[in-house]
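Step one of this worksheet: look at the structure below.
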Amino acid sequence: MNHRRTSHNMVTLLMLLALMAAPAQSAGSLPLPSPEATSSITVRDLKKHLSFLASDELGGRYTLSPSNRIAARYLASQLESYGFRGAASDGSFFQKVPLSIRSVDLSKSSVVINSGGTANEFKYADDFAMLSPTDVNAVGGLVFVGYGISSPKNKHDDYAGLDVSGRIAFAVSGLPDSLKGTALGDEEQAEQAALAHGATGLIVVAPPQSLIAWKQLRDYLLHEDATLPPKPSASGKTLSTIFAGPALIKAMAAAIGVAEADLTAPGGKPLKPAAVAATVAIRMKVDVKVAPPAQNVVAILEGSEPKLKDQYVVLSAHYDHLKTGDTGEVFNGADDDGSGTVAVLEIAQAFSIGPRPRRSVLVVFHTGEEMGLFGSEFNTDYEPVVPLEKLVADFNIDMIGRTRPPGDTDARDKELTDRDSVYIIGADKLSTELNTLSEQTNADTARLRFDYTYNDEGHPQRFYYRSDHYNYAKHGIPIIFYFTGVHRDYHRATDDVDKIDFDKMERIARMVFATGWRVANLDHRLVVDKKPR
């Protein structure tokens, strides 16, 4: 046997296997969109659109205002002129988002724990919260169910050996270490697991960030505002779920016989579920009124490839902002998120110029973001305009219009990026390939400095969870969130068009367009090699 020949054959075979295992295209080998399409994204057009959407006449684009509906009409008319079609179920550009105003009767809303013959009462907002308040009358024995997870296939079942039928389940937030990095179905987690095991109510320890800001959360809960209806379940049944604040957690810890820290910061360590010698009564009385109309603006540009056009690249931004003040003060929201809205509008137009991308493009202008990511939650958790499994990636733009000028020493502007930088959040969370493609495309186009400061999910600002992309990412859809930083005008009446850096916006928008174009034209579906947290 000829050793040299055998070695050569082995090397050749290994190279062929490597080529077969690798995606057929690399980011650097992908073509960029045509110069004509890219150059259609201009400072002039960005400023034209933003000058209308962030004008005093539109009053801040508050979700429930008539001016918000005017903004929606403007966006829809532009998309239609570009050749997009309406993506709503009725064929229009307007996906109705059914918000309601829920007023909690504080005198009739409480949690009462009876332990050792002593009854302690806890009040709504002061001591506990409910995401979509609704009438509740649930009474039963208390059962501590650890993390509240029932996943026998992953060898973790907090309900094993417990009888929670007709009782109130109590769970901590988070995951045990044994399940970190594991993708769990909704049916395996707190609410659906408790429902499946016959619980009549569920109390969950509020997440750490909510406990830290409980006073602010309390003020929010006491402020009458709109919200989505209770989330539907696969079974059609619902369970009354409340979130425990500091005082209620302390009482629960005493009833169970554990330290408060074991409930508020379990740190992934194993917990011992058990029935508790206590009864709990949860009562809520809520008045529900239908809110004024709210809508996402949704549109589709059909792809050119018959085998790929049933997959979608999503472009998103939220077009709502804040309510006009009682004294007539207008919060124009030029940066938040007028800047992202007009950037997506311009990118949508660019996709319509020249050859169509192989995959389809779905544009979603979300409403209700400022109220709690309601528009994106409705489009992902309630009635998606396109089945989620058909979404390849979401490119979400929220606040890309500002630059920290040289010499600016205002502490409120310290996190603003300079003229050549942009924050990139989430690109590597689910798809290594998307992150690589993003960086390579930037190198091939805008050559901006990507700042990953906020990509750390543990960062105190938690921006990964604070814009609409998160509602897609939690379902395993790769995302990139583009952001240039908060500033002195954030959520103030001074967030106006005259402070926008349109040159920088143009560079970012052209780069996002090129990135989306490459994903839309890949010869394989974007590889998802990580699971959502």
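The values are calculated or read from the model by the stated rules, or taken from the named source; none is laboratory data. All of these numbers come straight from a predicted model, not from anything done at the bench. Virtual Cβ from ideal backbone geometry, glycine too; neighbours counted across all protein chains shown.
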Next on the checklist: When you scan region 95-105, do you find a residue that is farther than 30 Å from residue 348 by Cα, surrounded by fewer than 18 Cβ atoms within 10 Å (Cβ to Cβ) and among the charged types (D, E, K, R), even just one?
Outcome noted: yes
The number of residues in region 301-327 that are small (Gly, Ala, Ser) and surrounded by fewer than 24 Cβ atoms within 10 Å (Cβ to Cβ) is 3
Worksheet item: Could we say that residue 231 is in a loop (DSSP other than H, G, I, E, B), among the basic types (Lys, Arg) and at pLDDT below 90 here?
Response: yes
Going through (1) assigned to a loop (DSSP other than H, G, I, E, B); (2) under 20 Å from the mean Cα position of the chain (by Cα) one by one, residue 237 fails only at (2)
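Okay, residues lined up against (1) of a type in the set (Phe, Trp, Tyr); (2) over 18 Å from residue 467 (Cβ atoms); (3) not in a helix (DSSP H, G or I):
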| site | (1), (2), (3) |
| --- | --- |
| 344 | no, no, no |
| 358 | no, yes, yes |
| 361 | no, yes, yes |
| 364 | no, no, yes |
| 370 | no, no, no |
| 376 | no, no, no |
| 385 | no, yes, yes |
| 396 | no, no, yes |
| 399 | no, no, yes |
Scanning region 328-385 for residues that are farther than 18 Å from residue 61 by Cβ and aromatic (Phe, Trp, Tyr), the one surrounded by the fewest Cβ atoms within 10 Å (Cβ to Cβ) turns out to be 382
Filtering region 427-465 down to residues that are at pLDDT below 95 and either of a type in the set (Asp, Glu) or buried (at least 20 other Cβ atoms within 10 Å of the Cβ) (or both) yields 456, 457, 463, 464
Listed by first then second residue, the pairs whose first member lies in region 37-50 and is modelled with pLDDT of 95 or more, whose partner is of a type in the set (Phe, Trp, Tyr), with beta carbons under 6 Å and at least 6 positions apart or on separate chains, are 43/502; 46/502; 47/502
Subset of region 162-181, residues closer than 25 Å to residue 282 by Cα and out of contact with any Pro (no Cβ under 7 Å at 6 or more places or on another chain), comes to 163, 164, 165, 166, 167, 168, 169, 170, 171
Next on the checklist: Quick check on residue 258: is it surrounded by fewer than 18 Cβ atoms within 10 Å (Cβ to Cβ) and more than 19 Å from residue 121 (Cβ to Cβ)?
Outcome noted: yes
With criteria (1) part of a strand (DSSP E or B); (2) more than 30 Å from residue 201 (Cα to Cα); (3) of a type in the set (Val, Ile, Thr); (4) out of contact with any Gly (no Cβ under 8 Å at 6 or more places or on another chain), residue 327 comes up short on (1)
Note: among 181, 166, just one is in a loop (DSSP other than H, G, I, E, B), closer than 25 Å to residue 112 by Cα and of a type outside the set (A, V, I, L, M, F, W, C), namely 166
A careful count of residues in region 471-500 that are more than 25 Å from residue 440 (Cβ to Cβ) and either out of contact with any helix residue (DSSP H, G or I) (no Cβ under 6 Å at 6 or more places or on another chain) or surrounded by 24 or more Cβ atoms within 10 Å (Cβ to Cβ) (or both) gives 14
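So that you can scan it fast, the table gives a plain yes or no per residue for (1) at pLDDT 95 or above; (2) out of contact with any Gly (no Cβ under 6 Å at 6 or more places or on another chain); (3) of a type in the set (D, E, K, R):
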site: 126; (1), (2), (3): yes, yes, yes
site: 143; (1), (2), (3): yes, yes, no
site: 146; (1), (2), (3): yes, yes, no
site: 151; (1), (2), (3): no, yes, no
site: 155; (1), (2), (3): no, yes, yes
site: 167; (1), (2), (3): yes, no, yes
site: 183; (1), (2), (3): no, yes, no
Residue count, region 405-417, condition part of a loop (DSSP other than H, G, I, E, B) and either surrounded by 16 or more Cβ atoms within 10 Å (Cβ to Cβ) or touching a residue at least 24 places away in the same chain (Cβ under 8 Å) (or both), comes to 4
The condition of being polar (S, T, N, Q), crowded, with 17+ Cβ neighbours inside 10 Å and either on the phi < 0 side of the Ramachandran plot or at pLDDT 90 or above (or both) holds, among 192, 216, only for 192
Of those in region 461-504 that are of a type in the set (A, V, I, L, M) and in a loop (DSSP other than H, G, I, E, B), the residue nearest to residue 335 (Cα to Cα) is 500
Scanning region 500-519 residue by residue, those over 14 Å from residue 315 (Cα atoms) and not hydrophobic (A, V, I, L, M, F, W, C) turn out to be 501, 503, 504, 506, 507
Q) Condition test on residue 208, is it within 23 Å of residue 266 (Cα to Cα), surrounded by fewer than 21 Cβ atoms within 10 Å (Cβ to Cβ), in the same structural domain as residue 247 (by TED's automatic domain parsing) and over 21 Å from the mean Cα position of the chain (by Cα)? A) no
Going through region 137-161 in order, the residues found to be crowded, with 19+ Cβ neighbours inside 10 Å, more than 28 Å from the chain's Cα centre (by Cα) and hydrophobic (A, V, I, L, M, F, W, C) are 138, 142, 143, 144
Subset of region 293-312, residues more than 16 Å from residue 82 (Cβ to Cβ), of a type outside the set (S, T, N, Q) and not in a loop (DSSP other than H, G, I, E, B), comes to 312
